[in-house]
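In what follows, a single structure is set out as structure tokens and then discussed.
The values are calculated or read from the model by the stated rules, or taken from the named source; none is laboratory data. None of the values given here were measured: they were computed from a predicted structure. With ideal geometry, Cβ positions are generated from the backbone for all residues, glycine too; neighbour counts draw on all protein chains shown. With ligands, DNA and RNA removed, areas are computed over all heavy atoms of the protein, side chains included. Shrake-Rupley method; radii C 1.70, N 1.55, O 1.52, S 1.80 Å.
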Amino acid sequence: MALKLFNSLTRAVQTFAPLDPAGKKVGLYCCGPTVYDFAHIGNWRTFVFADLVRRTLAFSGYEVKHVMNITDVEDKIIQRVRENKTTLREFTGKFETAFLDDLKALNCQAPHVTPRATGHMAEIIALIEKLVARGVAYQATDGSVYFSIEKYRGCGCTYGQLQKLNFDEMRVGERVSTDEYEKEAVADFALWKARVPDDGDVFWPSPFGEGRPGWHIECSAMSIKALGETFDLHLGGEDLKFPHHEDEIAQSEGATGKPFVKFWLHGAHLLVEGKKMSKRLGNYFTLRDLIAKGFTGREVRYLLLTAHYRETFNFTLEGLAGAKSALARIDECVGKLRELAAIPKSEVQSPKSNDALIEKFTAALAEDLNISAAWASVFEWVREMNKRLAENSLSPAEAASALTAWDKINSVLGIGTTAEAEAPADILALAEARTTAKLAKDFKRADTIRDELKAKGWIIADSPKGPKLKKI
Ligand code: AMP
Ligand code: ZN
């Protein structure tokens, strides 16, 4: 089933087709964290959304290369390094590690490449040199290098591909040196910022003099390096459309003369208890804050995955408590299916409800990641499975096939099941081998396997419903 996605570039839902002539490989770039603090729940909404896109592409049969940069030098970071009287690497390293740990706690698949801006100075400088050589960037009297919107537009290029901009209010040559600037404040933006005393030790040599890169050019340089001059998908939160993504397009297309990205996907923002998150309002949560309140990464992930990515999501602690009970319903059903499936199988057949689950789930995701419909198919299946389990009308083989269907769905949702219920594949294979040995009355082998399981930290006990695995 063809996957359709809303492309911010065309402002329409379009059928996704990769640039790869073989139709297999997909390049995906998501703007990563600015490592000056712990990522908050709003940031996590965007990164869980990126994980959903990646997993959906893999589910649809594509081979994804997922790149997510680490912004480890920009205005806010420099300010904090100065305030904390520390070094850039020491300061950003701590938050980068925390970010990657949190990413794991939310069961987001690790990106294949996580380039750091500070590790790509040569590429960044080369890109700026290209822009200067092409006449769309210039060095100002303050020593900084700026991107000229006027020159860029003069070459027939479009500035304002993602957002309509008001050029009438633009005063030619007006410049902004900060990385984040007013919506629609069309002005030349900094590619290379000349060293100033406030930068402390944070500077690099370059043909334009000592200084540091602007935030926007970092993403252009790292994405082009990892995925090529034109690639398939670029993601981020909606706040990044302007100026960050607009500037990324201008820099990249200005330097290469080629279209930068085929599909731009933007996730809507998250509010907390109906309000924009702020430390002052006390509605600002990092993942760590929520874990300290007794919630799990899995529950947070589930909740973030309940809303469509293009809709503003209102995050509440009550909603998070609801996530606990929704997951418990799934766990209970999957747990019972596991118990039943562990009973020696006689026949192999698949209940129709599994086909319906896969079909409905696939169709829902293909419609611009219609996650509500996808969850509806999951809970409909849970109801049906519970009914069949209660009626005793499900055979062990049917339960095993239901679990195979669930694993497929779960490869996209990534919510797993509770740790107690989850035995790794090698342990399940050993349990299965023990059952086979027992059926063949090879009790010596069955006992050896039981000892092997014990050595690996699992106890297997026989119950009227079949063997049960328990972690020691
Ligand atoms: P930053 O670390 O500030 O560069 O942000 C990382 C990502 O989080 C970006 O893609 C932002 O668009 C996204 N983001 C920031 N605030 C929110 C929010 N409240 N809701 C959803 N995404 C957000
Ligand atoms: Zn970016």
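Annotations for the structure displayed:
- Pick from segment 62-77, criterion of a type in the set (Asp, Glu) and in contact with a helix residue (DSSP H, G or I) (Cβ under 6 Å, 6 or more places away or on another chain), ranking: surrounded by the most Cβ atoms within 10 Å (Cβ to Cβ): 72
- 1 or more residues under 12 Å from the mean Cα position of the chain (by Cα): qualifying helices (runs of 4 or more DSSP H) within segment 48-144: 88-105
- Any hit, segment 282-299, residues being over 29 Å from residue 367 (Cα atoms), within 16 Å of ligand 1 (Cβ to nearest atom) and more than 21 Å from the chain's Cα centre (by Cα): yes
- Across segment 221-235, the number of residues qualifying as within 12 Å of ligand 2 (Cβ to nearest atom) and over 17 Å from residue 117 (Cα atoms) comes to 2.
- Taking (1) more than 20 Å from the chain's Cα centre (by Cα); (2) more than 16 Å from ligand 2 (Cβ to nearest atom); (3) not assigned by TED's automatic domain parsing to the domain that holds residue 366 in turn, residue 338 satisfies each apart from (3).
- Only one entry of 80, 55 meets the criterion of being away from ligand 1 (no atom under 16 Å from the Cβ), surrounded by fewer than 23 Cβ atoms within 10 Å (Cβ to Cβ) and of a type in the set (Lys, Arg), and that entry is 55.
- Here is the figure for segment 1-41: residues that are within 11 Å of ligand 1 (Cβ to nearest atom), open to solvent by less than 60 Å² (accessible area, probe 1.4 Å) and closer than 18 Å to residue 69 by Cα total 10.
- Positions within segment 213-270 being within 11 Å of ligand 1 (Cβ to nearest atom), open to solvent by 10 Å² or more (accessible area, probe 1.4 Å) and assigned to a helix (DSSP H, G or I), in sequence order: 215, 238, 239, 240, 241
- Matching residues in segment 284-308 - criterion: being free of Cβ contacts under 8 Å to residues at least 24 places away in the same chain and surrounded by 20 or more Cβ atoms within 10 Å (Cβ to Cβ): 303
- Residue within segment 341-351 that is open to solvent by 50 Å² or more (accessible area, probe 1.4 Å), out of contact with any helix residue (DSSP H, G or I) (no Cβ under 8 Å at 6 or more places or on another chain) and not hydrophobic (A, V, I, L, M, F, W, C) present: no
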